[in-house]
Amino acid sequence: MSHCNGGSGAVHFGQAPDEAAGLAATAEGDLLMALDRWSTGGVPPESILAAYGNSVGVDNGLRKGRPICAYPALPRYLGRGDPLLPTSFRCAKSPAPQYERPAARYLR
């Protein structure tokens, strides 16, 4: 994610200097470790923890972050808890998009 480094989005997920963002070196917070666990152990990641670019570690914890969910799931706020913390979200499958039928003039 170096091409957008310094932005306000959740761009840290296991690359240096992610320790400064409060991410632990685990398969849940490190993309390379998650891919290694998947390729060598057959355990695909359900999500990867990502920290915001301007996040700062607080008490060895993550101040701001989101889970990056396996497709087709998206992070959904649980409705309680700090919306800046990744623990306030869970990965949930999105409903299938509903498309309206095109107008008759476009169906020729």
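Readers should treat all values here as calculations from the given coordinates under stated rules, not as data from a laboratory. No experiment lies behind these values; they were computed from the predicted model shown.
What to note about this one:
- Taking 0.36 nm per residue of separation and subtracting the Cα-Cα distance, full extension of the segment from LYS93 to MET33 would add 19.2 nm.
- One chain, two ends: ARG80 and ARG101. Fully extended at 0.36 nm per residue, the span grows by 3.8 nm beyond their Cα-Cα distance.
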